[in-house]
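Here the structure comes first, spelled out in structure tokens, and everything after it is commentary.
Coordinate-derived values only; no laboratory data. In this text the structure is predicted, and so the values were computed from the model without any measurement. Cβ: placed from backbone, ideal geometry, glycine included. Neighbour counts: every protein chain shown.
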Amino acid sequence: MTQLADGPKLLFVDDEPNVTAGIQRTFFDEFDIDTAESGEEALQLMESDGPYAVLVSDMRMPHMDGATLLARARRQSPNTVRMLLTGYTDLEAAVAAVNEGNIFRFLCKPCPEEILRLALRDAIRQHDLVNAEKQLLEDTLKGTVAVLVEVLSLAAPAGFARSDKVKACVSHLAEKLGITHRWELELAAMLSHLGYVAIPPDVISKLASGQELDADEKSVVDDHPTVAHGLLNRIPRLEGVAELVLGASSLARLRECHPERRRDAGLLAMAMELDRHLAKGASMEEAIQRMAKAERYQEAWLTALRSFETGGGGSSTWTIKKVLVADLLPGMRLEEDVLSPSGGVLVPKGREVSSPLIERLKNFARRKAVVQPIVVATRWG
């Protein structure tokens, strides 16, 4: 029996072998069909041979009925479209399954061939639609984040540099503490200083040089997490990231975080505090001692932090060289701040060179507004 190799895979479940054999004979020329004779076997197939676009199950089966199977399949493979075949005596259970959101459609047995064929086509279209929408959302989200990071690096390079260091720190902490689901935490770290775009450049310069800020300037700086939260909270699926950024800004806001995000907000707060201590000239050991003395963070977190290397991955595998703006290439790393003729920092050291950054520096170079050559590190000599 030949099955379609390139089409979406379907899984039929029925405890009567003659039924599943009949399904394969009837639809083999249009659908790629696997079969199972129990709920347990179906779940194993979904694990080993999936993903399946559509799962169709009989209602009445021993050990595990169809409604239970579809509910468990929903948790195991949420993108699989689920359908239930049921006899008239099981209509009440089938309606309950539909109302609980466990299935896409139920069909009464015996189901005419053409009705089942149309239902399978509808289910495949539903699967394609849901997955296309999911992919669109993921691509849109990735693109949005990339734009935000690029805007931060261009509009507030000092903020980008600090976010970059915080991101390296939380990635290290997550690895040491065995945190597997960490995309929100790492993204919150990368965007933790997004609010710097609202801070006047002269205030950022004073902050970077360690000058004393007046009350108004300090208020503007202290408010940058609120600004970042306001921007991020408007983007679908970034609400959790926004909450982490705001929660990490103070102990009071940390307590207001959702319990499921409080740990990540605490780790982000610790990474940001470390960055502040180091920026003021403290050594790594001094910074950790101060944080330990304040008793705000768990001992396991501080232990993980002690093995963090603030210097990044080191330069032993990189070649350091001086290049003109015209010779910059994506993937290089800035080893020194890129300066204006007046000494202002245009781009902080540590930044990876990207195509938009090269274009920006070329614009500065045309106006003779950037100091050349630029010191970079490259892996390819």
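Tabulated data for the structure shown
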read-out	value
For region 76-227, convex hull of alpha carbons as volume per residue, Å³	162
Positive-end extreme of charge dipole, the chain - chosen from Thr226, Met64, Val81 (charges on Cβ)	Thr226
Given charges at beta-carbon only (K, R positive; D, E negative), |dipole| of the chain in Debye	1920
Residue-by-residue Karplus 3J(HN,Hα) for region 45-59, coefficients 6.51, -1.76, 1.60, Hz, glycine and proline x	5, 4, 6, 8, 10, x, x, 9, 6, 9, 10, 10, 10, 6, 7
FRET efficiency, 1/(1 + (r/R0)^6) with R0 41 Å, evaluated for Asn233 and Arg121 via beta carbons	0.50
Viscosity 1.002 mPa s, 20 °C: Kirkwood-radius Stokes-Einstein D of region 156-308 over Cα pairs, µm²/s	137
Relative contact order computed over the chain (Cα-Cα under 8 Å; 6+ residues apart), in percent	10
Fully extended contour minus Cα-Cα distance, from Gln135 to Lys349, at 0.36 nm per residue	73.5 nm
For region 233-240, 3J(HN,Hα) per residue [Karplus equation, 6.51 cos²θ - 1.76 cosθ + 1.60, θ = phi - 60°, Hz, x = Gly/Pro]	5, 7, 9, x, 6, 10, 4, x
Fraction of beta bridges assigned by DSSP in the chain that are antiparallel (%, nearest 5)	35
Cα-based equivalent ellipsoid of region 9-132: semi-axis lengths in Å, sorted from largest, via gyration tensor	18, 17, 16
Cα-centre dipole for region 156-308 with unit charges at Cβ (Lys and Arg positive, Asp and Glu negative), debye to 20	360
Projected area averaged over orientations for the chain, convex hull of C-alpha atoms, nm²	25.8
Footprinting exposure proxy for Thr140, Thr180 (fewest neighbouring C-beta atoms within 10 Å first)	Thr180, Thr140
³J(HN,Hα) computed for each position of region 331-348 - Karplus, 6.51 cos²θ - 1.76 cosθ + 1.60, integer Hz, glycine/proline x	x, 5, 10, 6, 8, 9, 4, 8, 10, 8, x, 7, x, x, 7, 7, 9, x
For region 317-378 and region 178-205, distance of Cα centres in Å	22
Where Rh is the Kirkwood radius over Cα pairs, Rg/Rh for region 229-318	1.04
